[in-house]
Protein chains: 2
Amino acid sequence: MTTHVQPVLEIAGEHVGRLLLRTETLLEEIASGHGLALGQHASSTLAAGGKRLRPVLVFVCAGGAESMNLVRAGAAVELLHMATLVHDDVLDRAPMRRGRPTVFWTSGRDAATATGDFLFSRAFAQLAATGSAAAVKALSDASSSLARGELMQRDDAFALDVTEERYFERCTLKTGKLFEAACRLGAVLGDPGDESADAIGRFGDRIGLAFQLFDDVLDLSGPPDQTGKSRGTDLLDGTVTLPIVYAREEDPSLRDERPQTASEAEALCDRIAATSALERSRERAKEFVAEAKNILSTLSLADNQRAALNLVADGVVERYS
Amino acid sequence: MTTHVQPVLEIAGEHVGRLLLRTETLLEEIASGHGLALGQHASSTLAAGGKRLRPVLVFVCAGGAESMNLVRAGAAVELLHMATLVHDDVLDRAPMRRGRPTVFWTSGRDAATATGDFLFSRAFAQLAATGSAAAVKALSDASSSLARGELMQRDDAFALDVTEERYFERCTLKTGKLFEAACRLGAVLGDPGDESADAIGRFGDRIGLAFQLFDDVLDLSGPPDQTGKSRGTDLLDGTVTLPIVYAREEDPSLRDERPQTASEAEALCDRIAATSALERSRERAKEFVAEAKNILSTLSLADNQRAALNLVADGVVERYS
């Protein structure tokens, strides 16, 4: 996605770039203003960066609007996203993320759990400052869904009976809802207003599903020098993704495999790649993108906003292609 | 405190009892409405009960007001309190709380972390539904403070240089701020209104400090059949509380003690009880209660509301006495 943010900014208008810069400044202030130790953990988490895709969605969905409330909303969705990553790293005992050591690894389970809780609460503090109850509701609903999705993923670990339907339910909870919330926040706090929030939210949900599905394909296909992690981490964690479901349907012998090492996982990735599972999953992701674009076509949007959102949609599946 | 809730309800008026019942119903709905596994974890956490002291503070500080928004605020402070307990149990690897097995113990680290995150997010969802940005801000500030306090406590574990000042800073973050938020929510959403919120909030902060300090004395003094836990858990965890600070001042040989077993902790409790540390700490707690009552005397309150809040203040230090 990184390579696709720049063209989105160029089309969406200069104000989106300004909003993103202000969001970075606000995130730095939040991290540095609450005590030394916590500030260090929070700063390193936020500085690890990432694509800031969710704030971009907030701003592009807000149309031409440019306000402090939008900056707060952009920071809020990023803070919530970061909070879940920090907690996930604790649960996964993950040493690295995005090429940097995790808070869990440098400072331990306790510090990482507290840092995640802190980032959570600061997300809501930012939205409280907008004065919009609809905005707080959007984020709290997404946050509850994230927790439910996390639990579902762990309940389903190594399960042999995960269906396509259950996979998508989990993706909706873990990814779709926060993308939906980002788009909804842009609508509610920006030009489109409350009455467009549901439809713009549905666009976000579809983009989120496509994003997650493509991410799950990349986990199996790599290449590692572009994804930043070895292939098959989902296989090692027991996270049953759609390409794994598809591959098992086509080659039932794959059901018996439970790799224990990175090289065993890589070998299993090769066997999955020998089926049509990756290609079928990519096609399914593209269907979500098409649905998202269909939703866009029903909305009353400025030309440049529509073009920018179409570009975001395309960008989700064009990574590393 | 349990024994003191009933007289508070009798003085504060029947509406407080009704608000508490509605809060229980709402908490049950929240726990049961979000998927089976999560619902079970959340239900067992909420059913484990406790004193519901924070909701009582919300309602009594609201004066004669009785509304769904107050019920939501009561549920929100309890949900946030529960969320932190669930996460604390993960960090402490605690098997039991309030005589029941913890979510961590029955369902594991992952489920407990997700359950805590879920309870957090539902707290904010309840306040979002009130439409009051001041209410959301009160809770998000308290929530950030809780995370900071948690981190501070773990940073200071087994430290020999914890001062009285640092201890009170930690108590403010870990306990005072949520008590303050409860009182503030009552004011903002009830009869007193925004202009009384700061003063009523300061009352809550003082009560919270007294409550925490007395809790810390009880950890050392027991008796276990009333506190529900063996004496000296803080000594085993390395949590340096004020009575420990005082005892070390009086008997420097205590600085070298680091008990490893429950019986070593009990023996150390006896040595601490031989100093004046417990009595000095109780006196300090009573000073906070006196400060709280002083703040009350400056507020314009109905007679029964004032009497009820005075009773809450007295109840904090009268447990097991």
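Of everything in the stretch A:59-94, what is among the hydroxyl-bearing types (Ser, Thr, Tyr) and part of a loop (DSSP other than H, G, I, E, B)? Give them in sequence order. Outline the logic, then answer.
Step one: list which residues in the stretch A:59-94 are among the hydroxyl-bearing types (Ser, Thr, Tyr), which gives A:67, A:84.
A:67 - this is the single residue of the stretch A:59-94 that is among the hydroxyl-bearing types (Ser, Thr, Tyr) and part of a loop (DSSP other than H, G, I, E, B).
Taken together, the residues in the stretch A:128-139 that are at the interface with chain B (Cβ under 7 Å from one of its Cβ atoms) and either crowded, with 24+ Cβ neighbours inside 10 Å or within 20 Å of the chain's Cα centre (by Cα) (or both) amount to 3. Residue by residue through the stretch A:220-229, note down the ones that are assigned to a loop (DSSP other than H, G, I, E, B) and closer than 18 Å to residue A:274 by Cα. Across the stretch A:220-229, the qualifying residues are A:222, A:223.
The listed residues are A:161, A:216, and the only one of them that is among the acidic types (Asp, Glu), without any contact (Cβ under 8 Å) to a residue 40 or more places away in the chain and away from chain B (no Cβ under 14 Å) turns out to be A:161.
Candidates B:258, B:271, B:248: the one that is modelled with pLDDT of 90 or more, among the charged types (D, E, K, R), closer than 20 Å to residue B:166 by Cβ and in contact with a helix residue (DSSP H, G or I) (Cβ under 7 Å, 6 or more places away or on another chain) is B:248. If a residue has to be more than 29 Å from residue A:88 (Cα to Cα), part of a helix (DSSP H, G or I) and modelled with pLDDT under 95 to count, how many in the stretch A:172-197 make the cut? So the answer is 4.
For residue A:84, state whether it is within 11 Å of another protein chain (Cβ to nearest Cβ), surrounded by fewer than 24 Cβ atoms within 10 Å (Cβ to Cβ) and of a type in the set (Ser, Thr, Tyr). Please lay out each step first, then the result.
Details: within 11 Å of another protein chain (Cβ to nearest Cβ): yes; surrounded by fewer than 24 Cβ atoms within 10 Å (Cβ to Cβ): yes; of a type in the set (Ser, Thr, Tyr): yes.
Spelling it out, residue A:84 is indeed within 11 Å of another protein chain (Cβ to nearest Cβ), surrounded by fewer than 24 Cβ atoms within 10 Å (Cβ to Cβ) and of a type in the set (Ser, Thr, Tyr).
In the stretch B:45-88, what residues are under 25 Å from residue A:118 (Cα atoms) and over 15 Å from the mean Cα position of the chain (by Cα)? Matches in the stretch B:45-88: B:45, B:72, B:73.
The set of residues in the stretch A:91-111 being surrounded by fewer than 24 Cβ atoms within 10 Å (Cβ to Cβ) and either within 11 Å of chain B (Cβ to nearest Cβ) or touching a residue at least 60 places away in the same chain (Cβ under 8 Å) (or both) consists of A:91, A:92, A:93, A:98, A:99, A:106, A:107, A:108, A:109, A:110, A:111.
Give B:123, B:142 a once-over and let me know the one that is crowded, with 23+ Cβ neighbours inside 10 Å and within 15 Å of the chain's Cα centre (by Cα). Step through it out loud before you land on a result.
Working: B:123 fails: within 15 Å of the chain's Cα centre (by Cα).
Matching residue, one of B:123, B:142: B:142.
Cβ-Cβ distances below 6 Å connect the following pairs, each with a first residue in the stretch A:165-194 that is at negative phi, a second residue that is among the aromatic types (Phe, Trp, Tyr), and a separation of six or more residues or different chains: A:183/A:203.
Residue count for the stretch A:271-321 satisfying the condition of being hydrophobic (A, V, I, L, M, F, W, C), closer than 15 Å to residue A:220 by Cβ and surrounded by 19 or more Cβ atoms within 10 Å (Cβ to Cβ): 4.
Here the condition is being more than 14 Å from every other protein chain (Cβ to nearest Cβ), basic (Lys, Arg) and surrounded by fewer than 24 Cβ atoms within 10 Å (Cβ to Cβ); of B:166, B:202, it holds for B:202 alone. Filter the stretch A:1-52 down to the residues that are small (Gly, Ala, Ser) and over 25 Å from residue A:105 (Cα atoms), then identify the one that is modelled with the highest pLDDT. Per the criteria, the residue is A:17. So, residue A:123, is that one within 9 Å of chain B (Cβ to nearest Cβ), among the small types (Gly, Ala, Ser) and under 25 Å from residue A:229 (Cβ atoms) or not? No, not satisfied. Per this entry, residue A:124 is not counted among residues that are of a type outside the set (Lys, Arg) and under 30 Å from residue A:242 (Cβ atoms).
So, in the stretch A:239-262, how many residues would count as being within 21 Å of the chain's Cα centre (by Cα) and either part of a helix (DSSP H, G or I) or surrounded by fewer than 15 Cβ atoms within 10 Å (Cβ to Cβ) (or both)? Show your work before the answer.
The first filter runs over the stretch A:239-262 and keeps only residues within 21 Å of the chain's Cα centre (by Cα), leaving A:239-244.
Still in the list and also either part of a helix (DSSP H, G or I) or surrounded by fewer than 15 Cβ atoms within 10 Å (Cβ to Cβ) (or both): A:242-244.
Of the residues in the stretch A:239-262, 3 are within 21 Å of the chain's Cα centre (by Cα) and either part of a helix (DSSP H, G or I) or surrounded by fewer than 15 Cβ atoms within 10 Å (Cβ to Cβ) (or both).
The values are calculated or read from the model by the stated rules, or taken from the named source; none is laboratory data. Values in this document were obtained by computation on a predicted structure and should not be read as measured data. Because the Cβ atoms are built from the backbone with ideal geometry, glycine has one as well, and the counts that use them run over all protein chains shown.
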